[in-house]
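**Q** Just dropping this structure here.
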Amino acid sequence: MTMKLHILPMSPHARKAMALAEYLELPVEVIIPEFGTLQNDEAFLQKNPNAKVPVLEDGDHAEWESNSILCYLAEKAGSDLWPQDAKQQHEVYRWLLWEAAHYSPAVLGVYFQKVIKPLLNMGEPDHAVIQEKLGFTERFAKVLDDRLARQAFVVGDNLTVADFSIGAITETTKLTQIDLSAYENIQAWLLRLRALKGWSEITPARETSLPLAA
């Protein structure tokens, strides 16, 4: 049965799931709702009461929260991108939480100010907020760079869903002109990720659609 993935293309979180489904060669039908309609869509609210995307439908089951969707897809495919070893699972889980709690709020805070606000006519970017978020971005980029100095991927030398999660957020720095060139380990890691099948789903040439991320 083909799964359904509800997304808005501007959401880096949604693009995580798109890229992983492509990489794993899972049959997924992409559904793009009309922007701004989800909060009043009772059928959608049954799938995700938060009224946000991405949402993955697999038969009668609806999975939401992007990192949870990544784990679900990897398990669905029987892939070791979600490891079977309990210790490795906890390590992946820790980095998924790090992405959600620390890295994304920093990097996507700049993305919101520079990309989303102009697109939605929400006023001028707040430069004080941008500077604050850039400070956090530098702090957490160093954490990631130090981690990658010791290994090829975020969790050891094997690719996991953590790389898709954190990589999708990192790719937004091209659009926001956040300079990560000083972080050589991140740059080398991105080159490895960009060679993966499906990674182009994470890296559009430019933003053309409306966002709603979860």
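**Q** May I ask you to list the GluC sites (Glu not before Pro) in the stretch 1-82 that are in a DSSP loop and have at most 14 other Cβ atoms within 10 Å of their Cβ?
**A** Values: sites: Glu22, Glu25, Glu29, Glu34, Glu42, Glu57, Glu63, Glu65, Glu75; in loops: Glu25, Glu34, Glu65.
Answer by residue number: Glu25, Glu34.
**Q** Let me ask something else about it. Please report, in debye to the nearest 20, how large the charge dipole of the stretch 86-201 is about its Cα centre when each Lys and Arg carries +1 at its beta carbon and each Asp and Glu carries -1 there.
**A** Values: 13 positive and 14 negative charges, 42 e Å.
For the stretch 86-201, the charge dipole is close to 200 debye.
**Q** Using the 2.2 N^0.38 Å rule of thumb for compact globular proteins, work out how the chain stacks up: its C-alpha Rg over that value, please. Spell out each step's value before the answer.
**A** On the way: Rg = 16.8 Å, N = 214, 2.2 N^0.38 = 16.9 Å.
That works out to 0.99 for the chain.
**Q** Give the order of Leu190, Leu73 when sorted by the count of other beta carbons within 10 angstrom, beginning with the fewest. Before the final figure, lay out the partial values.
**A** Working: Leu190 20, Leu73 27.
Placing the least packed residue first, the sequence is Leu190, Leu73.
**Q** At a Förster distance of 30 Å, what's the computed FRET efficiency of Gln89 paired with His127, Cβ-Cβ distance as r, to 0.05? Write out the running numbers ahead of the final one.
**A** Values: r = 41 Å, r/R0 = 1.37.
Step by step, r from the Cβ atoms, then E = 0.15.
**Q** Another question, then. Neighbouring Cβ atoms within 10 Å as the yardstick, rank Ser79, Ser165 fewest first. Could the numbers behind the result be given before it?
**A** Details: Ser79 17, Ser165 29.
Ordered from fewest to most neighbouring Cβ atoms within 10 Å, Ser79, Ser165 come out as Ser79, Ser165.
**Q** Leaving out same-chain residues fewer than 8 places away, which lysines sit with a Cα under 26 Å from that of Lys87?
**A** Lys16, Lys76, Lys142
**Q** Specify which residue in the list Gln84, Leu148, Tyr23 is farthest towards the positive end of the charge dipole of the chain, using unit charges on the beta carbon of Lys, Arg (+1) and Asp, Glu (-1), about the Cα centre.
**A** Positive-most Cα among the choices belongs to Leu148.
**Q** Taking every DSSP beta bridge that has both residues in the chain, what percent is antiparallel when rounded to the nearest 5?
**A** Numbers: 7 of 11 bridges.
In the chain, approximately 65 percent of DSSP beta bridges are antiparallel ones.
**Q** Also, quick follow-up: Hey, if you put +1 on the Cβ of every Lys and Arg and -1 on every Asp and Glu Cβ in the stretch 66-214, which of Ala128, Trp199, Ile166 ends up farthest toward the positive end of that dipole?
**A** Trp199
**Q** Starting with the fewest neighbours, write out Met3, Met10, Met122 ranked by other beta-carbon atoms found within 10 Å of each beta-carbon.
**A** Working: Met3 19, Met10 22, Met122 11.
Fewest-to-most ranking of Met3, Met10, Met122: Met122, Met3, Met10.
**Q** Let me ask something additional. Taking the Cβ-Cβ separation of Lys174 and Ala62 as r and a Förster radius of 25 Å, what is the calculated FRET efficiency to the nearest 0.05?
**A** Details: r = 32 Å, r/R0 = 1.27.
Efficiency, rounded to the nearest 0.05: 0.20.
**Q** Right, here's the next one. For the chain, with a Gaussian network of springs between Cα atoms less than 10 Å apart, report the residue from Pro54, Pro83, Pro118 with the top mean-square fluctuation.
**A** Residue with maximal mean-square fluctuation among Pro54, Pro83, Pro118: Pro118.
**Q** Looking at the stretch 105-177, which trypsin sites (Lys or Arg not before Pro) are DSSP coil and have at most 15 other C-beta atoms within 10 Å of their C-beta? Working shown, then result.
**A** Details: sites: Lys114, Lys133, Arg139, Lys142, Arg147, Arg150, Lys174; in loops: Arg150.
Passing both the DSSP loop test and the Cβ count: Arg150.
**Q** Which listed residue (Leu8, Gly109, Leu97) has the Cα farthest towards the positive end of the charge dipole for the stretch 1-116, taking +1 on Lys and Arg C-beta and -1 on Asp and Glu C-beta about the Cα centre?
**A** Gly109
**Q** Okay, moving on. At a threshold of 8 angstrom on Cα-Cα distance, excluding pairs fewer than six apart, so keeping six or more, what relative contact order does the chain reach in percent? Don't skip to the end; give the middle numbers.
**A** Details: 308 pairs, mean separation 67.2, N = 214.
About 31 percent, as a whole number.
**Q** Given the stretch 86-201 reduced to its alpha-carbon atoms as identical point scatterers, what log10 I(q)/I(0) does the Debye formula return at q = 0.17, 0.20, 0.21, 0.22 Å⁻¹?
**A** -0.83, -1.10, -1.18, -1.27
**Q** So if I place +1 on the C-beta of Lys and Arg and -1 on the C-beta of Asp and Glu, and nothing else carries charge, what would the dipole magnitude of the chain be about its Cα centre? I want it in debye, nearest 20. Show your work: numbers first, answer last.
**A** Values: 20 positive and 29 negative charges, 98 e Å.
Value, rounded to 20: 480 debye.
The numbers here are math on the coordinates, done by the rules we state, and not lab data. For clarity, every value in this text was computed on a predicted model and none was experimentally measured. Because the Cβ atoms are built from the backbone with ideal geometry, glycine has one as well, and the counts that use them run over all protein chains shown.
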